[in-house]
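Student: Encoded as structure tokens, here's the structure I'll be asking about.
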């Protein structure tokens, strides 16, 4: 199974995570969420595995620019629509490795995730 990192290339945390993976010799695919929209099925998998509060970065500039109505996501469908309209709303980077997902870069958690087979 492929290891994928979702994010935007100019994000410091994404750069740090990508560099770490390269230093570990891990082969991975980088998906720039601004250039390659994330499929609704993939977003649903993230939300199911991690929860809305983990996937959506409520400290982001994108979050602060939403209306109060938009911020009142009452369903995964609403969250998916927002993430598709505002891809930088996601917590970055998001790692997809061996059927598991991690949002944000934590070296010890990423190490365990990429080592699983």
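Student: Tell me which of these residue 101 doesn't satisfy, since it passes every other one: (1) out of contact with any strand residue (DSSP E or B) (no Cβ under 6 Å at 6 or more places or on another chain); (2) modelled with pLDDT of 95 or more; (3) in a helix (DSSP H, G or I); (4) closer than 15 Å to residue 3 by Cβ.
Tutor: So residue 101 meets the others, but not (3).
Student: Out of the residues in the range 3-27 meeting the condition of being in a loop (DSSP other than H, G, I, E, B) and free of Cβ contacts under 8 Å to residues at least 40 places away in the same chain, tell me which one is surrounded by the most Cβ atoms within 10 Å (Cβ to Cβ).
Tutor: Result: 9.
Student: Are there any helices (runs of 4 or more DSSP H) wholly within the range 45-91 with 3 or more residues that are in contact (Cβ under 8 Å) with a residue 24 or more places away in the chain, buried (at least 18 other Cβ atoms within 10 Å of the Cβ) and touching a helix residue (DSSP H, G or I) at 6+ places or on another chain (Cβ under 7 Å), and if so which?
Tutor: Qualifying helices (runs of 4 or more DSSP H): 76-85.
Student: I've got another one for you. Go through the range 98-117 and count every residue that is under 12 Å from the mean Cα position of the chain (by Cα) and closer than 15 Å to residue 24 by Cβ.
Tutor: Number satisfying all stated conditions: 2.
The values are calculated or read from the model by the stated rules, or taken from the named source; none is laboratory data. Treat the numbers as computed from the prediction; the structure is a model and nothing was measured. In this analysis, Cβ positions are derived from the backbone assuming ideal geometry, glycine residues included, and neighbour counts consider all displayed protein chains.
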